[in-house]
Structures are given as structure tokens and as C-alpha cells.
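Novice: Structure incoming, see below.
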Amino acid sequence: MIQVEGLTKRYGRATAVDHISFEVKKGDIVGFLGPNGAGKTTTMRMLTCFLPPSEGKATVDGFDVLENPMEVKRRIGYLPETPPLYPEMEVREYVEFTGRIKGISSADVGKRTAEVIERCSLGDVRNKLIAKLSKGYRQRVGLAQALIHNPPLLILDEPTAGLDPKQIIETRKLIRSLAGEHTIILSTHILPEVSSTCESIIIINNGKLEAIDTPENLTARLQGHETVFVDVEGPAEQIAGKLAKLAGVGRVEQREGARSGRAIFEVEAAKDQYVRSEIATAVVQSGWKLHELRPLGLSLEDIFLKLTTHDQAVETPAAASSEPVAESPTGGAQ
Amino acid sequence: MSNVWTLAKRELNAYFASPIAYIVMAMFALIFGYFFYAATASFMSQSLRAAMSQGGAPPMNLNDYIIRPLLGNASVIILFLMPMITMRLFAEEKRSGTIELLLTSPVTDLEIILGKWLATLLLYAGLLAVSLLNIANLFLYGKPDWRALAVGYLGLILMGGAFLSLGTFLSSTTKNQIIAAVLTFGAFLMLWVMEWITFFSFGPVAQALAYLSITSHFESFSKGVIELKDVVYYCSFIFLGLFLTSRSMESLRWRS
């Protein structure tokens with residue numbers, strides 16, 4: 001459906017998107033993940049022919065965004081970060097207008113408008129002015145606009161930004177209900193959104209592609225080593241020595257922030273080893289007091305932070321111990 | 001081309017949904033009405049004096065004494081009001097982000113530009129219709145030459161189209177409506193006063209500037225004469241304005 005090769009966008013001397021390459025198959029739901037300013041919006045704008053790439057190539061359904069923009073635009077439904085709404089129009093009027101400029105014939109546009117309004121649950125407000133709508137409704141009108149011409153590809157830029165939790169759940173449900181009929185790319189910096197809706201994740205940071213994989217694989221890849229948090233009352237060096245000698249323990253590190261007389265460690269297990277009970281036994285048998293012992297789970301948040309804070313990690317010694325970044329499998333320039 | 005009409009309708013809808021259209025129309029009706037009153041009142045006092053003078057002055061003509069100066073005045077009124085119409089065309093869409101909808105929909109730049117320009121032209125035609133209400137009174141009490149009048153209005157349409165194309169272009173250069181309005185107003189004013197140079201200078205530069213002045217080409221229209229050079233001037237002006245707009249949209253893509 002989408003093929004992107006070495007896509008680059010420069011603004012003057014600043015590079016917003018730096019040689020990104022990926023591929024999206026028909027029917028996939030792909031999450032575009034990255035901190036603000038990572039280049040998500042710019043990439044999406046290049047795919048939707050709003051911005052021309054400075055370098056590289058992107059094709060949608062076989063049509064190049066530079067050579068055949070009209071064909072690309074016909075196949076894309078795009079919801080920008082701020083829904084592009086005309087406040088002085090009524091909802092139905094607006095949706096119909098967008099249907100017309102997206103090439104729906106006059107004969108079908110009325111029927112199609114009614115369908116989309118139904119689909120996006122806008123029935124109650126169909127005759128209201130857009131200016132009077134709440135944020136959640138506006139977002140749905142924006143989505144209706146993206147869906148009106150029934151495009152094979154939907155590109156949604158932060159579809160849940162600024163919504164309240166209930167609206168977020170509703171919007172996610174709506175997006176999930178669209179899967180199957182449409183290929184969907186959505187960008188977000190909210191991680192649960194990705195794990196709950198997407199089959200594949202593309203993480204970008206500073207304009208560069210950091211990782212591309214399924215949520216499960218990403219978690220697995222980084223979670224091969226279990227890390228355990230231990231808070232012990234006793235002599236720090238001795239404890240560290242003891243823990244390091246335990247079978248199955250890979251690395252032991254002392255952390256700051258312990259209360260006086262106590263020490264905090266992060267113990268990393270060797271691959272596929274379970275070490276929590278051994279640690280507990282060893283500490284207690286040595287006569288030290290065990291205050292806390294818990295696994296440091298690796299949520300999507302951690303993965304995200306690990307992947308996107310790579311650069312800072314090299315610079316600041318405090319974070320230098322964080323896990324090395326997973327290399328990008330697609331060979332995006334690093 | 002159905003896209004052009006769809007876009008023009010939306011644009012017109014925006015003018016009438018906000019008070020812009022009504023305010024511009026009301027101001028135009030007020031000022032034009034005042035000029036109409038002044039022209040007819042002075043016509044009446046002059047013709048009364050002519051009738052009383054001995055030897056009988058030649059009969060006075062409605063077209064020459066009322067319609068012609070009135071159309072000339074109308075051209076100045078619209079010069080002041082047009083920036084209010086064109087300033088929002090692109091600036092507002094750029095500010096609110098709706099430009100993203102237009103540029104990612106399968107419509108061409110040309111269709112967008114023509115749609116916007118056509119909408120302003122129709123609104124402008126609405127203004128002229130208001131002025132015709134005044135002029136219609138002349139037909140109740142006299143017999144002005146309607147052909148000369150029609151040519152005058154054709155001239156107003158062409159001149160307005162030229163103003164509007166330039167306004168469209170200037171609106172596309174910024175996302176700030178006030179900047180667009182000031183630029184447009186300044187440009188229109190310059191294009192008007194440029195012909196005044198011939199009052200004190202007669203060299204080739206003065207001639208060229210006078211030729212370029214947008215209002216000087218209206219002169220013959222207001223007399224009821226269609227001159228090819230004036231039609232060509234206005235048509236090329238419109239073309240240039242719309243062409244520059246399309247260049248500006250292109251650069252918007254590459255720069256932003």
C-alpha cells in the first residue's frame with residue numbers, strides 16, 4: 001500500500017525527516033510513534049502530498065506522491081492534527097462539501113454523507129454549526145471528512161489529541177471499527193493507543209526511524225533480560241558482591257536515592273533466567289533486611305523512552321546505564 | 001470545473017455566514033447612494049439654471065452628467081472596499097489550517113484559485129447590483145442611454161476582476177489577514193494614483209505609469225466606449241494576478 005524509501009524533508013538547514021524507509025501492507029494498522037517534533041506530522045504531510053519531499057521516494061498504491069499527486073490524494077483520507085473545519089458551516093453541509101471536492105459525484109454525495117454521519121455518530125449534530133461543537137465532535141467531523149470518499153488509506157495525525165478519556169475510548173473504538181476496510185496510519189505520542197489499536201509500530205525520533213515492528217516483538221526484543229529492583233538494609237559493597245555471584249544474574253548496579261543504611265540495586269538477569277527467588281533467599285540468608293523486591297517491567301512506555309532517549313543517554317552519565325538501543329531492522333540511517 | 005463551483009459556493013457561503021458580505025454591501029450602498037444623491041441634485045440645479053439662461057443652453061444628458069461621474073466614483077469606492085473582501089481568501093485558510101484540506105484533496109491549485117476568485121467576483125457583482133437600484137431611478141424619470149450604461153458596468157466588472165485577482169494574490173502571501181488587507185489597499189491606491197503623474201510630467205516614464213494605472217483604463221468604459229486596449233489590459237491584469245497566486249501557492253508548498 002505504502003512504500004517509503006529514504007524519505008527526507010529539510011527546512012533550510014534543519015532536517016525534519018531524515019532518510020526514513022518503511023513499508024505498509026494493505027489492511028495494516030500502523031502506529032506512528034514519537035515525541036513531539038520527531039517528524040511524524042512532516043512524514044504524514046509528505047505522504048498526503050501536502051509537502052513535497054526534499055529527497056527520497058514515497059508511493060501510495062503504486063502512485064508516486066510527486067509524479068501523481070492527484071491519484072494519491074484520491075486514495076487518502078487525511079485527518080490533520082487540527083481538524084480542518086470551516087466553523088461557519090453546518091456539519092452536514094461541511095461533510096457534503098468535502099465529499100464533493102474529493103470527487104464524489106453529485107448523485108452519490110447525499111447518500112454518502114448520510115452514511116458517514118451515521119458512522120461517526122454525528123446524527124445529533126448534523127444541522128449544527130461547526131463553531132458550536134465540542135472538541136470531541138469536531139474531531140469526529142474531521143474523521144468524517146477523511147472517510148467521506150471511502151479511501152483505501154487513512155492517515156490520522158494524533159486523532160485523540162486533546163480529547164477527554166471517554167472521547168478517547170470512543171474514537172479508538174471508531175478507528176478499530178474501520179480496520180479491515182482501510183489501511184490506517186495513525187500518529188500519536190500516547191502509547192496505550194498504539195498497543196490497543198495497532199498491529200505494527202514505527203518509532204521515529206529526531207526525524208530518524210528508530211524501530212519498526214509489532215508491539216509484541218518490540219516488547220520481547222527489549223525484555224529478554226528481566227530487571228529486578230532490590231532495596232536492602234545492609235553493607236552495600238558486600239551485598240553487591242553477593243548478588244553478582246548468584247547464578248543467573250548478569251549485571252548488578254547500585255542506584256542512588258536509598259535511605260541511610262540501605263542500598264538500592266537494579267539486578268539484571270541473564271537471558272530467560274528467573275532470579276527473583278534466588279535474590280530473596282541470598283539476602284535473607286546473609287542476615288540483611290529485604291525491604292523491597294520487584295520486577296522492573298518493561299512497558300511500551302519504557303521501550304519508547306529507551307528508544308527515543310538514546311542520544312541523551314550517551315551524553316548524560318546518570319542515564320548511561322540504560323539499555324542500548326535496538327538497532328533498526330530496516331537500515332534507516334542512524 | 002464542477003470543483004470550481006463547489007469551492008466558489010463554499011467561499012460565498014462564508015461571506016454571507018459572517019457579516020462581511022452584509023457590511024461591505026451596506027457601506028457600498030450608503031456611499032454610492034450619497035454620490036448618487038449628490039450627482040442628481042447638482043444635475044437638477046444645473047439644468048434649472050440652463051433652462052433659465054437666455055438663448056437656451058444645449059440639453060443636458062443624463063449619461064454625461066450623472067452616470068459617468070457616478071461610475072468613476074464607484075471605481076474609487078470599490079477600491080477602498082475590495083481589500084475587505086479579498087484579505088481573508090487564503091490568509092484565513094492558512095491561519096486555521098483548512099488549507100491542508102484543500103491541498104490534500106484531489107483538486108488542482110487552479111481550481112482552488114478560480115473558485116475563490118469567482119466567489120469574490122460574484123459578491124462584487126452583488127455590490128454592483130445594489131448600485132443599479134439607484135441608477136434604475138434615472139430610468140423612471142428620464143431616458144439615459146442603457147447601452148452606454150451597460151458598457152460602464154462591463155468596465156466595472158473587468159476592473160473589479162483585476163482588483164480581485166491582485167487581492168487574491170496578496171492574500172496568498174501571508175497568513176495574517178490584516179497584513180493582506182494593508183498590502184492590498186496600498187497596491188490598489190498606488191495603481192489608482194499612478195495616473196496622476198501625467199498632471200505634472202509628460203515624459204515616457206509618466207506615460208508608462210499612466211498606462212499601468214488600473215483606473216485610467218476605466219475612462220473610456222465610463223463614456224460608453226469599449227476600447228480593445230483597455231479590455232486587453234484588464235484581462236492580462238486578471239491573468240497575471242491569478243498566475244502569481246498559483247506561483248505563491250506553489251512556493252507555500254515548498255517553503256512551509
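The values are calculated or read from the model by the stated rules, or taken from the named source; none is laboratory data. Owing to the predicted nature of the structure, the values given are computational and were not obtained by experimental measurement. Virtual Cβ from ideal backbone geometry, glycine too; neighbours counted across all protein chains shown. Protein only, heavy atoms only, side chains kept; ligands, DNA and RNA dropped before computing areas. Shrake-Rupley method; radii C 1.70, N 1.55, O 1.52, S 1.80 Å.
Novice: I'd like to know if the range B:64-79 contains one or more residues that are more than 29 Å from B:Ile214 (Cα to Cα) and touching an Asp or Glu at 6+ places or on another chain (Cβ under 9 Å).
Specialist: Step one: list which residues in the range B:64-79 are more than 29 Å from B:Ile214 (Cα to Cα), which gives none.
No: zero hits.
Novice: Check whether at least one residue in the range B:190-211 is at pLDDT 90 or above, out of contact with any Ser or Thr (no Cβ under 8 Å at 6 or more places or on another chain) and at negative phi, and report yes or no.
Specialist: Among the residues of the range B:190-211, at least one is at pLDDT 90 or above, out of contact with any Ser or Thr (no Cβ under 8 Å at 6 or more places or on another chain) and at negative phi, which makes the answer yes.
Novice: I'd like the full set of residues that are open to solvent by less than 10 Å² (accessible area, probe 1.4 Å), outside any loop (DSSP other than H, G, I, E, B) and among the β-branched types (Val, Ile, Thr), limited to the range A:45-75.
Specialist: Within the range A:45-75, A:Val60, A:Val72 qualify.
Novice: Another question, if that's okay. Within the set of pairs 6 or more residues apart or between chains, which connect a residue that is touching a residue at least 12 places away in the same chain (Cβ under 8 Å) inside the range B:81-99 to a residue that is among the basic types (Lys, Arg) with Cβ atoms less than 6 Å apart?
Specialist: B:Leu89/B:Lys116; B:Ala91/B:Lys175; B:Lys94/B:Lys175; B:Arg95/B:Lys175
Novice: If you don't mind, another one. Which of the residues spanning the range B:176-205 are over 24 Å from B:Leu158 (Cβ atoms) and surrounded by fewer than 19 Cβ atoms within 10 Å (Cβ to Cβ)? Steps first, please.
Specialist: Step one: filter the range B:176-205 for residues over 24 Å from B:Leu158 (Cβ atoms), giving B:176-179, B:182, B:199-205.
Within the range B:176-205, B:Asn176, B:Ile178, B:Ile179, B:Val182, B:Phe199, B:Phe200, B:Ser201, B:Phe202, B:Gly203, B:Pro204, B:Val205 qualify.
Novice: Taking B:Gly155 and the conditions (1) over 30 Å from A:Tyr78 (Cα atoms); (2) in contact with an Asp or Glu (Cβ under 9 Å, 6 or more places away or on another chain); (3) open to solvent by 10 Å² or more (accessible area, probe 1.4 Å), which numbered condition does it fall short on, given that it satisfies the others?
Specialist: Going through the list (1) over 30 Å from A:Tyr78 (Cα atoms); (2) in contact with an Asp or Glu (Cβ under 9 Å, 6 or more places away or on another chain); (3) open to solvent by 10 Å² or more (accessible area, probe 1.4 Å), B:Gly155 breaks only (3).
Novice: Here's a follow-up. List, please: which pairs have Cβ atoms under 7 Å, are six or more places apart or on different chains, and start with a residue in the range A:244-257 that is in the same structural domain as A:Val275 (by TED's automatic domain parsing) and open to solvent by 70 Å² or more (accessible area, probe 1.4 Å) and end with one that is modelled with pLDDT of 80 or more and among the small types (Gly, Ala, Ser)?
Specialist: A:Gln254/A:Ala236; A:Gln254/A:Ala240; A:Gln254/A:Ala263
Novice: Scanning the range B:217-250 for residues that are among the acidic types (Asp, Glu) and under 15 Å from the mean Cα position of the chain (by Cα), which turns out modelled with the lowest pLDDT? Break it down into steps so the answer makes sense when it comes.
Specialist: Pass one, the range B:217-250, residues among the acidic types (Asp, Glu): B:219, B:227, B:230, B:250.
Still in the running and under 15 Å from the mean Cα position of the chain (by Cα): B:219, B:230.
On the way: B:Glu219: 87, B:Asp230: 93.
So, considering only residues that are among the acidic types (Asp, Glu) and under 15 Å from the mean Cα position of the chain (by Cα), the one modelled with the lowest pLDDT is B:Glu219.
Novice: Just wondering, is there one or more residues in the range A:137-156 that are within 25 Å of A:Val60 (Cα to Cα), open to solvent by 70 Å² or more (accessible area, probe 1.4 Å), more than 13 Å from every other protein chain (Cβ to nearest Cβ) and more than 20 Å from the chain's Cα centre (by Cα)?
Specialist: Scanning the range A:137-156, I find at least one residue that is within 25 Å of A:Val60 (Cα to Cα), open to solvent by 70 Å² or more (accessible area, probe 1.4 Å), more than 13 Å from every other protein chain (Cβ to nearest Cβ) and more than 20 Å from the chain's Cα centre (by Cα), so the answer is yes.
Novice: Let me ask something else. Restricting to the range A:183-201, what's the tally of residues that are surrounded by fewer than 22 Cβ atoms within 10 Å (Cβ to Cβ) and either modelled with pLDDT of 85 or more or part of a loop (DSSP other than H, G, I, E, B) (or both)?
Specialist: So the count comes out to 4.
Novice: Are any of the residues in the range A:2-12 more than 22 Å from A:Ile148 (Cα to Cα), assigned to a loop (DSSP other than H, G, I, E, B), within 14 Å of chain B (Cβ to nearest Cβ) and not hydrophobic (A, V, I, L, M, F, W, C)? Before the answer, list the steps.
Specialist: Let us first name the residues in the range A:2-12 that are more than 22 Å from A:Ile148 (Cα to Cα), namely A:3-12.
Now narrow it down to the ones that are assigned to a loop (DSSP other than H, G, I, E, B): A:12.
With within 14 Å of chain B (Cβ to nearest Cβ) added as a condition, the list becomes A:12.
Keeping just the survivors that are not hydrophobic (A, V, I, L, M, F, W, C) gives A:12.
Among the residues of the range A:2-12, at least one is more than 22 Å from A:Ile148 (Cα to Cα), assigned to a loop (DSSP other than H, G, I, E, B), within 14 Å of chain B (Cβ to nearest Cβ) and not hydrophobic (A, V, I, L, M, F, W, C), which makes the answer yes.
Novice: I would also like to ask the following. Closer than 17 Å to A:Tyr11 by Cα, surrounded by fewer than 24 Cβ atoms within 10 Å (Cβ to Cβ) and more than 10 Å from every other protein chain (Cβ to nearest Cβ), is that true of A:Gly37? Write out each step before concluding.
Specialist: On the way: closer than 17 Å to A:Tyr11 by Cα: yes; surrounded by fewer than 24 Cβ atoms within 10 Å (Cβ to Cβ): yes; more than 10 Å from every other protein chain (Cβ to nearest Cβ): yes.
Answer is yes for this residue.
Novice: What are the residue pairs meeting all of these: first residue in the range A:96-108, first residue more than 7 Å from chain B (Cβ to nearest Cβ), second residue surrounded by fewer than 22 Cβ atoms within 10 Å (Cβ to Cβ), Cβ atoms under 8 Å, and 6 or more apart or on different chains?
Specialist: Sorted first by the residue in the range A:96-108, then by its partner, the pairs are A:Glu96/A:Val109; A:Glu96/A:Gly110; A:Gly99/A:Val109; A:Gly99/A:Arg112; A:Ile104/A:Arg112; A:Ser106/B:Ser2.
Novice: Scanning the range B:217-256 for residues that are of a type in the set (Ser, Thr, Tyr) and within 20 Å of B:Trp117 (Cβ to Cβ), which turns out nearest to the other protein chains (Cβ to nearest Cβ)?
Specialist: Among residues in the range B:217-256 that are of a type in the set (Ser, Thr, Tyr) and within 20 Å of B:Trp117 (Cβ to Cβ), the one nearest to the other protein chains (Cβ to nearest Cβ) is B:Ser251.
Novice: Moving on. I'm trying to understand the selection: among the residues of the range B:106-140, which are among the polar types (S, T, N, Q) and out of contact with any Phe, Trp or Tyr (no Cβ under 9 Å at 6 or more places or on another chain)? Walk me through it before giving the result.
Specialist: Here is the first cut: in the range B:106-140, the residues among the polar types (S, T, N, Q) are B:108, B:120, B:131, B:134, B:137.
Selection gives B:Thr108 alone.
Novice: Could you say which residue among B:Ala29, B:Ala39, B:Ala21 is buried (at least 20 other Cβ atoms within 10 Å of the Cβ) and touching a residue at least 24 places away in the same chain (Cβ under 8 Å)? Lay out the reasoning, then the answer.
Specialist: Working: B:Ala29 fails: buried (at least 20 other Cβ atoms within 10 Å of the Cβ); B:Ala21 fails: buried (at least 20 other Cβ atoms within 10 Å of the Cβ).
Unique residue meeting the criteria: B:Ala39.
Novice: Look at the range B:73-106 and say how many of its residues are within 14 Å of another protein chain (Cβ to nearest Cβ) and either β-branched (Val, Ile, Thr) or not in a helix (DSSP H, G or I) (or both).
Specialist: 6
Novice: Here's a follow-up. Among the residues of the range A:270-311, write down those that are at pLDDT below 75 and either touching a strand residue (DSSP E or B) at 6+ places or on another chain (Cβ under 6 Å) or not in a loop (DSSP other than H, G, I, E, B) (or both).
Specialist: Step one: of the range A:270-311, the residues at pLDDT below 75 are A:271-273, A:296-311.
Of everything in the range A:270-311, those that are at pLDDT below 75 and either touching a strand residue (DSSP E or B) at 6+ places or on another chain (Cβ under 6 Å) or not in a loop (DSSP other than H, G, I, E, B) (or both) turn out to be A:Leu296, A:Leu300, A:Glu301, A:Asp302, A:Ile303, A:Phe304, A:Leu305, A:Lys306, A:Leu307, A:Thr308, A:His310, A:Asp311.
Residue-by-condition table, conditions (1) within 9 Å of another protein chain (Cβ to nearest Cβ); (2) under 30 Å from B:Ala17 (Cα atoms); (3) without any contact (Cβ under 8 Å) to a residue 12 or more places away in the chain; (4) of a type outside the set (S, T, N, Q):
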| residue | (1), (2), (3), (4) |
| --- | --- |
| A:Val24 | no, no, no, yes |
| A:Ile29 | no, no, no, yes |
| A:Pro52 | yes, no, no, yes |
| A:Val60 | no, no, no, yes |
| A:Val65 | no, no, no, yes |
| A:Asn68 | no, no, yes, no |
| A:Pro80 | yes, yes, no, yes |
| A:Pro83 | yes, yes, no, yes |
| A:Pro87 | yes, yes, no, yes |
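Novice: In the list B:Pro69, B:Pro58, which residue meets the criterion of being at pLDDT below 90, more than 14 Å from chain A (Cβ to nearest Cβ) and within 22 Å of the chain's Cα centre (by Cα)? Lay out the reasoning, then the answer.
Specialist: Values: B:Pro58 fails: within 22 Å of the chain's Cα centre (by Cα).
Checking each option against the conditions leaves just B:Pro69.
Novice: Of all the residues that make up the range A:257-269, how many are part of a strand (DSSP E or B) and over 37 Å from the mean Cα position of the chain (by Cα)? Outline the logic, then answer.
Specialist: Taking the range A:257-269 and keeping what is part of a strand (DSSP E or B), we get A:262-269.
Then keep just the ones that are over 37 Å from the mean Cα position of the chain (by Cα); that gives A:262.
Selection size over the range A:257-269: 1.
Novice: Go through (1) in a strand (DSSP E or B); (2) at pLDDT below 85 for A:Ile204 and report which single condition fails.
Specialist: Checking A:Ile204 against (1) in a strand (DSSP E or B); (2) at pLDDT below 85, the one that fails is (2).
Novice: Filter the range A:93-126 for residues that are in a helix (DSSP H, G or I), of a type in the set (Lys, Arg) and buried (at least 19 other Cβ atoms within 10 Å of the Cβ) and give the result. Reasoning before the result, please.
Specialist: Let us first name the residues in the range A:93-126 that are in a helix (DSSP H, G or I), namely A:93-101, A:106-119, A:123-125.
Still in the running and of a type in the set (Lys, Arg): A:100, A:111-112, A:119.
Across the range A:93-126, the qualifying residues are A:Arg100, A:Arg112.
Novice: Which members of the range B:152-179 meet the condition of being part of a loop (DSSP other than H, G, I, E, B) and small (Gly, Ala, Ser)? Before you say what the answer is, go through the steps one by one.
Specialist: Taking the range B:152-179 first, the residues part of a loop (DSSP other than H, G, I, E, B) are B:172-176.
The answer is B:Ser172, and nothing else.
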